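Notes follow once the structure below has been shown.
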Amino acid sequence: MNTMEGVVLKLPYSFRIIKPNPKRTNRAFRTVPLASASVTVASPDPILGPGSLGHLTRPDFPILHQEVNGKKLVYLDNAATSQKPTAVLLALQKYYEAWNSNVHRGIHYLSAKATDEYELARHKVANFINASSGEIVFTRNATEAINLVAYSWGLSNLKAGDEVILSIAEHHSAIVPWQFVAQKTGANLKFVSLTDNEVPDVGKLREMLSKKTKLVVVHHVSNVLASVLPVNQIVSWAHDIGAKVLVDACQSVPHMVVDVKNLDADFLVASSHKMCGPTGIGFLYGKSELLSAMPPFLGGGEMIADVFLDHSTFAEPPSRFEAGTPAIGEAIGFGAAIDYLSGIGMQKIHDYEVDLANYLYDSLQSVPNVRVYGPAPSQAVVRAALCSFNVEDVHPTDLATFLDQQHSIAIRSGHHCAQPLHRYLGINASARASLHFYNTKEDVDDFIVGLKDTISFFTSFK
């Protein structure tokens, strides 16, 4: 296995959070003109040039308009979390200023208004993925949503000898809960490896399906490989042998049209914070007949019908799975994020990001000694708007540190919660640049310039 040791450096790090002072001009953190007003473009690209979706939406994201260490911030860590438009920030502020109250439990105006807005957010999530409101369970995040399915559906339906099929490219959140369930039930986990093109081998997955298979757990878009799996086909194959399918859609729902009726998935999970919404809230979609048959995951207020001293009866879904006071403000902010995304149009977002993804991939491939993981884009292969990569003889954490401190470019380094995949690839870490619709061609260009300078710095020690 190829391993890399990090170079220990003491680089100047001047960024600090300070209160803006309009009289002070020489500071590490200050506002700069909106991107749409200041961008200059070298090529007349009709898709990625001036007037692109990235240029048009950047003004809506206040956090992007600042300098760090004297340079414009370039945010390329969107697969970890997205930034928030002003509309979402205002929705949160409005809730706490005008409607703050507990939901479902009061008859006064504030409680009724908060309840209406909370449930409206659920309705927006349902419409966004073509589900019904009763099929949407709010959770803290996608991780909790997967755990809900594992502990409620998994412990009730899996037994010794049953099989759960996953890929080695799954996020830890889609692996660890099923390890717990397997230990408790005696079920077996089976993993699909990659093809030569570094995509989970769906052909092998189909061969592994049998009467023992009770569940398939699969991502829609890989957060490392940028590959997009044919979920429709996988679901069809699984249903043919009576198995259920759980889809991790954290990297697809924010970037493309996702229709659960079309996918026919039994369960699907995603997180608000990757969808330009607040942290602390995500959702589980589950087919209504499955949710209705599942026992509660957590006990407490709100999830009950009646409580007696010797037993309790439980509410219908989704309330059955939402014990206690929920993340009300976060749900309302999530609803505002969905309004924002819907106002742009998910197909428009996807089309723009495909072009930007290809530009990122081609630009990275042009840099010597860079190894990009995952499939090459083509007419038949669409990559998501992210690239995980390594540079020969340079540790990814050193790359990310230098890019941040010297170029104000934010990328991620590490195993991206995908250690089994990294081990399969023969590495212990990678760097990752990931885009969203508010990124631009200029962001990619700045990243490539910074990366080349970073590589030059580290190779100068040889």
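Here is how the numbers come out for the structure above:
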quantity: Accessible area in square angstrom per residue, the chain, 1.4 angstrom probe; calculated: 43
quantity: Rounded, prolate or oblate (a/c below 1.5 giving rounded, otherwise prolate when a/b exceeds b/c) for the range 405-462 by Cα gyration tensor; calculated: oblate
quantity: Unit charges at the beta carbon, dipole of the range 106-168: most positive-side option, 133, 151, 115; calculated: 115
quantity: With 20 Å bins from 0: P(r) over the chain, alpha-carbon pairs, percent; calculated: 23, 54, 22, 1
quantity: Counting all C-alpha pairs of the range 311-462, share separated by more than 18 Å (%); calculated: 67
quantity: Rounded percent of accessible protein surface that carbon and sulfur make up, the chain, 1.4 Å probe; calculated: 53
quantity: Qualifying GluC sites (Glu not before Pro) for the range 85-170 [loop in DSSP, other Cβ within 10 Å: at most 11]; calculated: none
quantity: Packing rank of 305-317, 352-364, where each peptide gets the mean count of other beta carbons within 10 Å, highest leading; calculated: 352-364, 305-317
quantity: The chain, dipole about Cα centre (Lys/Arg Cβ +1, Asp/Glu Cβ -1), debye to the nearest 20; calculated: 940
quantity: Under Karplus coefficients 6.51, -1.76 and 1.60, residue-wise ³J(HN,Hα) of the range 152-157 in Hz, glycine/proline x; calculated: 8, 6, x, 5, 8, 10
quantity: Positive-end residue of 281, 401, 104, charge dipole of the chain with Cβ unit charges; calculated: 401
quantity: Ratio of Rg to Rh over the range 271-320 (Cα coordinates, Kirkwood Rh, two decimals); calculated: 1.10
quantity: Residue-by-residue Karplus 3J(HN,Hα) for the range 322-332, coefficients 6.51, -1.76, 1.60, Hz, glycine and proline x; calculated: 10, 5, x, 5, x, 7, 5, x, 5, 4, 5
quantity: Cα centroid separation, the range 145-183 to the range 307-352 (Å); calculated: 23
quantity: When the range 282-348 is reduced to its Cα atoms, the Kirkwood hydrodynamic radius in Å; calculated: 14.1
quantity: Karplus 3J(HN,Hα) series, Hz, for the range 413-420 with 6.51 cos²θ - 1.76 cosθ + 1.60 (x for Gly, Pro); calculated: 9, x, 9, 6, 6, 9, 5, x
quantity: Per residue convex hull volume, Cα atoms of the range 162-311, in Å³; calculated: 141
quantity: Space enclosed by the convex hull of the alpha-carbon atoms of the range 349-411, per residue, Å³; calculated: 93
quantity: Value of Rg/Rh across the range 120-205 [Cα atoms, Kirkwood radius]; calculated: 1.06
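The values are calculated or read from the model by the stated rules, or taken from the named source; none is laboratory data. From a predicted model like this one, the values you see are computed outputs, not experimental measurements. Counting neighbours? That spans all protein chains shown, and the Cβs are built from the backbone with ideal geometry, glycine included. Side chains included, ligands, DNA and RNA excluded: accessible areas come from the protein's heavy atoms. Shrake-Rupley method; radii C 1.70, N 1.55, O 1.52, S 1.80 Å.
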